[in-house]
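Read through the structure below, which is laid out as structure tokens, and then see the notes.
A short reminder: the numbers here are calculations on the coordinates, not readings from a lab. Note that the structure is predicted; figures quoted are calculated from it, not measured. Here the Cβ positions follow ideal geometry from the backbone for every residue, glycine too, while neighbour counts run over all protein chains shown.
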Amino acid sequence: MKKHNFNAGPCILPRVAIENTAKAVLELNGIGMSLLEISHRSKEFQAIMDEAVALFKEVLEIPEGYQVLFLGGGASLQFCMVPFNFMNKKAAYLETGVWAKKAIKEAKLFGEVAVVGSSSDKNFTYIPKGWTVPADADYFHITTNNTIYGTEIREDFDCPVPLIADMSSDILSRPVDVSKYAMIYGGAQKNAGPAGVTFVIVREDVLGKVERVIPTMLDYRTHIKEGSMFNTPPCVNIFTMKETLKWVKEMGGVKKMAELDNAKADLLYNAIDNSRMFVGAAEKDARSIMNICFVMKEEYKDKEDAFMEFAKARGMVGIKGHRSVGGFRASTYNALPIESVQALVDCMSEFEKENL
Ligand SMILES: *Cc1c(COP(=O)(O)O)cnc(C)c1O
């Protein structure tokens, strides 16, 4: 049976990226060796790294003065590397979910954290508004897409201090005005590639401003200087990410991705809003187009398990909501075809017909 892959991350990837990775794992470009077997210092791998960086810059229209790095450690290591490299005394954070909270926890190890807005009072179902960033903060940190709660900040705003964004789960889903940010980072495993590689886009002039000594591996300048090869990079993951970026470009770039992603989100949100049984989990003006969270209305709550089974039997994968929200979450990342969203919508209406 055809599977409809709504996994939240790692998640669905473009088929062509997987096929090209499979070929390269068997033999890279007729060189008589596998991608797994070559040195990261070889000219073959250097070309892969260079192409991945160039594609990232091209697809996101990254301006001059920014560096693109591919690191290990996941977005979670960035929660500590960011304050290590940028915080002298104080930083501002927007608390919009579990990932933001984890970033805040690490930042507190380095100095004062001003939480300028939080939606924790309503289980992160909205994006706080009306906050102001203290002028003496070394930077302001936001999470643009809250993967667990299905809320998203989809515009790039001006900020009086360097703006740093965790874009793990919505990078490449829209054009971004990179010039508004001092740094953008994320784990690749949601829209950019497989697990095991972390992307960092950093403006060089914001580095080198803290007093503290930074361990070599945690200093962005190390990785800039060595072109993300201070140590052995995750070679295969970078290859697959490069193939994913190539696919994004060939599909028509991030503008096209935004169009397709919006169409998928509209289809599913409309079905949710017109349903008598399901209801959206996040407030409408904060809804994410990447992770669509919904639950059953109070009077049908006891049918959630039955729907899960019903959907599973029809090929739906990964639609269980995160334990802190419950219900369902459909992640509709770039590589997910709209046909899969239609299949889920059909499944919901069929279930409703049978159970109302
Ligand atoms: C998944 C996710 C993370 C964690 O990423 P890791 O690479 O597993 O450390 C951080 N932030 C956001 C927004 C995420 O979706």
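Across the range 252-355, what fraction of all alpha-carbon pairs, as a whole percent, falls in each successive 10 Å bin from zero upward?
Over the range 252-355, the share of Cα pairs per 10 Å bin runs 15, 51, 28, 5, 0 percent.
Residues with amide H under 5 Å of residue 38's amide H, sequence separation 5 or more or different chain, H placed in the peptide plane at 1.01 Å from N; which?
When sequence neighbours closer than 5 places are left aside, there are no close amide H contacts.
What percentage of all Cα-Cα pairs in the range 16-112 are separated by more than 18 Å? Please list the in-between numbers first.
Working: 3027 of 4656 pairs.
The share of Cα pairs beyond 18 Å in the range 16-112 comes to 65 percent.
Kindly write out, for the range 98-112 in residue order, the coupling ³J(HN,Hα) from the Karplus curve 6.51 cos²θ - 1.76 cosθ + 1.60 (θ = phi - 60°), rounded to whole Hz, with x marking Gly and Pro.
3J(HN,Hα) across the range 98-112, in whole Hz: 4, 5, 4, 4, 5, 5, 5, 4, 5, 4, 4, 6, 10, x, 7.
So what's the gap between the Cα centers of the range 108-167 and the range 1-80, to the nearest angstrom?
First find each Cα centre; the distance between them is then 29 Å.
Dividing the Cα convex hull volume of the range 23-77 by residue count, how many Å³ per residue is that? Each step should come with its number before you reach the end.
Numbers: hull volume 7.0 nm³, N = 55.
It is 128 Å³ per residue.
Treat each spin label as a single point 7 Å out from the Cα along the C-beta direction, and report the residue 297 to residue 105 distance in nm.
Taking the two extended label points, one gets 3.8 nm.
With a 10 Å Cβ neighbour count serving as the proxy for reagent exposure, in which order, fewest first, do 11, 159 appear?
So the ranking, lowest neighbour count to highest, is 159, 11.
What distance in nm separates the two pseudo spin-label positions at residue 317 and residue 249, each 7 Å out from Cα along the beta-carbon direction?
Inter-label distance under the simple model: 2.9 nm.
Apply the Karplus parameterisation 6.51 cos²θ - 1.76 cosθ + 1.60, with θ equal to phi minus 60°, to every residue of the range 127-135 and state each ³J(HN,Hα) to the nearest whole Hz, in sequence, with x for glycine and proline.
Couplings: 9, x, 10, x, 7, 10, 8, x, 5 Hz.
Taking the number of other C-beta atoms within 10 Å as the exposure measure, put 217, 296 in order starting with the fewest.
217, 296
What is the sum of charges, Lys and Arg at +1 and Asp and Glu at -1, for the other residues whose Cβ falls under 13 Å from the Cβ of residue 244?
Computed value for this residue: +1.
Could you give the alpha-carbon Rg of the chain over 2.2 N^0.38 Å, rounded to two decimals?
That works out to 1.02 for the chain.
Using each residue's phi in the range 150-167, evaluate 6.51 cos²θ - 1.76 cosθ + 1.60 at θ = phi - 60° and report the 3J(HN,Hα) Karplus result to the nearest Hz, with x for Gly and Pro.
Along the range 150-167, the couplings run x, 10, 8, 9, 10, 10, 9, 10, 6, 9, x, 10, x, 9, 10, 10, 7, 10 Hz.
For a 26 Å ceiling on Cα separation, which of these pairs sit above it: 89/284; 23/249; 90/180; 297/353?
89/284
Neighbouring Cβ atoms within 10 Å as the yardstick, rank 143, 125, 216 fewest first.
On the way: 143 30, 125 20, 216 11.
Result, fewest neighbours first: 216, 125, 143.
Expected output is a single nm value to one decimal: the length gained when fully extending between residue 26 and residue 120, i.e. 0.36 nm times separation in residues minus the C-alpha distance. What is it?
That pair, residue 26 and residue 120, stretches by 29.0 nm at full extension.
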